[in-house]
Structures are given as C-alpha cells and as structure tokens.
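See structure below.
All of the numbers you see were taken from the coordinates with simple rules; none came from a lab. Values in this document were obtained by computation on a predicted structure and should not be read as measured data. We place every Cβ from the backbone using ideal geometry, glycine too, and count neighbours over all the protein chains shown.
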Amino acid sequence: MNDFPKGMAGQRAFLRKSEIYSILDEICQDLDLTQSQTESARTSYEAVAEWVSASDDPVLRRIDLYAHGSTGLGTSVKPLNREDFDVDVICRVQEFAAWRPPADLKKIVGDRLRENARYAAMLEEKKRCWRLNYAREFHLDISPTIPNPNCANGGELVPDKSLSEFKPTNPRGYRLLFERRAALRPQLKIEKALATEDLRANIEPFPAAMRAKGILRRTVQLLKRHRDIHFASIEADVAPISILLTTLAAQAYEYCVNNFTFDTELDVVIAVIRMMPHFIDRPFVGGRRIYVVANETTIGENFAERWNTEPARPVAFYAWHGKVLSDFEKLPGIEGMDLITEELAASYGDRVVGRVIDARTDAISKARVAQKLYVAPAIGLSLTSSAAATPVLKNTFFGER
C-alpha cells in the first residue's frame, strides 16, 4: 500500500515538512565544526598525548587519550557569540591506584603539562580538569581518569569537583550506545511512497540534502543551538547541560523508531522532542523524590544530579522544553519561505539561517539559468530529469522567457 497522500493538499503538506527538515539539516551543517577545525583539534590532542605519555613519571607510562562529549559523538555546534570551541578529552591513566587521592592524579597530569613551555603558557586550571587554550581557535579540556574495576562495561573513575573522591563515568561506553541508537533508521512513509512509485523513484528532491549524520545527531545539534539561543538572555546559570539533552534525545529516539512510523524526518524530530521528558526518572530516595537521568553504561552517574540541589534547573528545563516543542510543532503549518525563515531565525539566529537560505536560493537560481531545474509530479523542484519531469524555463524576472 502506498502511504503517500493522494490529494494535492496532502502532498503539499508531506513535501513541505520534508523541505523544512532539509533546511534544518543545512542549518546543522552550517553549525558543524569545519574539517580544518576538527583536524587542528585532533592534531593538538594527539601531540598532548605524546607529550604526557613521554613523562619519566611511571604513573604516566600507560595513558589513553581520546575525545569524548560532543566531539566524540559528532554533535558539536559552533559556540554562540565566541570563536573558540570546546574539545573534551579524557586522559585515562592506567597505572594510578584507586586508593590514592584524586587530587594527586590531577596534579600529576598538570605538572607534566607545565613541563612543556608552550603548554604552560596556555594552561588553565579548572575544578577537575586542565584546559589548554589555543587562542581564538579552541580549547582542550583534559579530564584525568582511571579504570573502574567495578564496571563491567569498561568504565572509568573521574575526580569529583572537590577532588575529594572518585566518581563513576563511562565516556566510551556512552559513545558506543549513542552510536548504536544513531544507526537506527525510522520508517518513513515518504521514503516508502517514493520507492514504490515508478514515476517518482528516479526523482531527487531539490536541494539534495546531505544527511550523513542521521536524524538523531541532527536533533541533538538543533536542541543544543535552540537552548543556546533561548538561554542567551537569561543571566542565571540554569541551562540544561548538553549530556543531559543528548541522553534524553537518544533514549526518546530509540523508543520512537522502534514503535512508530512517521511521515517525514521532521515528524521524527518532533516526536523525539515530545518524548524526552518521559525518560527523566523520579525515584524516591531518602524520603524525597529526586531527578535521575542515568548514564546507562555504568552505575552511579546521574546527569541530572544538580537538579536535586538547584531547583531552578528543572524549572528552567521544563520551561525551555515547552518552548522548543511548541516551536517545532508549529513548523509543519507554516507556508511561505519568508515565514519559515523568520521562524527559524528566531530559534537559530539570523546570520546562520540567512546564510543557509541565501545558499539555497542561489543554487536554485543557478540551476534555473542552466536549465537544469525541473518540476516533477508531487515532488516539486528537482535537479533530476525523467519522463515525468517538466523543464523549468529560464526566467529573466521581467516576464520574458
């Protein structure tokens, strides 16, 4: 059975949603770190690893340095209103005994970095990590960890902010779980319909969207930038942290993909956002109800831990979640590129959205001039010719053809 709507209004709604998601995908591409930025960061942390591991200190004889967080997951977005971006790095120290004070571990790594004149000049101490500031480019946040013998998933122990004890974490296990979820493909009616109709099977919608990162990673990027814009004017430090948003989105995505069929990619994003709060646990502990968003790959790491001591944080999350859900739910009903552009600019910034829309407009204009723009049944503008597609003639904008 073909699920593609037969009526003109239904087809337009399908295609409008698909087109909006294509714009959102291109916004994410604009927010992605460039290849040169990524390569520069990779080269830098590999050099740091080589320097630290070459230490005469036997504790640093065996270390493992790897990117985690947004960089490791492929969900980074360019920072708002600043040039340098974050690269979170784990420095797993194999030879440090768990009975030793966490402060000793941090000091050993910091001392080694200071032995390098270049690193010493850019070194900044944070509560439980060391930051190397590469001026106007990026900064490496290096968190020292040790193996967690009690974690069956190969987890680690990281110093807490007071450096008084080790806390469980598992960045590698988390990344593997996220990658498994990101690889899941939702059932989309529009893909099924286009694949089963001969007239449409060889028609490529214009512009051809680059969606290599997949819907889950794009959803996380969209959520993070929406959050950044939303909280930019709020003075209090209450914005939900990225790992919490990423975890809720990943859990919701897996649930939605396994249980529903969707019209388009945009419908997947909306469903994921809608389901996110359902994965916030509220158990009773010590006679009171607390918030828990657990790291599923180890025992004892709660990404919502601060919510239980800072009540403004969950209030801010739910207020923001209501706003981002409302903003996405209204998108399918918006007609006209001007209105869509205005709505997206409010959520993602005038400059980013402006660049994306200008690039799309330019690509369409060039294709029209080159007579490589077509109109296909139910698809609309396309760069692919077929028996069912009609060429769009060159337009001089003065009524002449």
Quotient of Cα radius of gyration and Kirkwood radius for segment 201-338, i.e. Rg/Rh, equals 1.02
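First measure r as the distance between the Cβ atoms of Thr361 and Glu124, then evaluate 1/(1 + (r/R0)^6) with R0 = 41 Å and state the FRET efficiency to the nearest 0.05.
On the way: r = 43 Å, r/R0 = 1.05.
Efficiency for this residue pair is about 0.40.
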Quick calc: nm separation of the 7 Å Cα→Cβ label points for Ser164 and Tyr66 -> 3.2
Restricted to segment 72-194, the DSSP antiparallel beta bridge percent, nearest 5, is 65
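So if we plug the beta-carbon distance of Glu39 and Arg306 into 1/(1 + (r/R0)^6) with R0 = 45 Å, what FRET efficiency do we get, rounded to 0.05?
Working: r = 34 Å, r/R0 = 0.76.
So the FRET efficiency works out to roughly 0.85.
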Stretched fully, the stretch from Asp350 through Val285 gains (0.36 nm per residue minus C-alpha distance, one decimal, in nm) 18.9 nm
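Quick one: length gained pulling Ser53 to Leu176 fully straight, 0.36 nm per residue minus the C-alpha distance? Before the final figure, lay out the partial values.
On the way: separation 123, 0.36 × 123 = 44.28 nm, distance 2.56 nm.
Stretched fully, the Ser53-Leu176 segment lengthens by 41.7 nm.
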For segment 114-164, the Kirkwood Rh over every pair of distinct alpha carbons, in Å, works out to 12.7
Checking rank on 350-362, 221-233, with mean other Cβ inside 10 Å and highest first, the result is 221-233, 350-362
Residues whose built amide H sits under 5 Å from the amide H of Tyr66, excluding neighbours closer than 5 in sequence, are Ile90, Arg92
By the mean-Cβ-within-10 Å protection proxy, highest first, 296-309, 317-330 rank as 296-309, 317-330
Among segment 230-268, those whose backbone N falls under 20 Å of a label point 7 Å along Cα→Cβ from Ala294 are 243-256
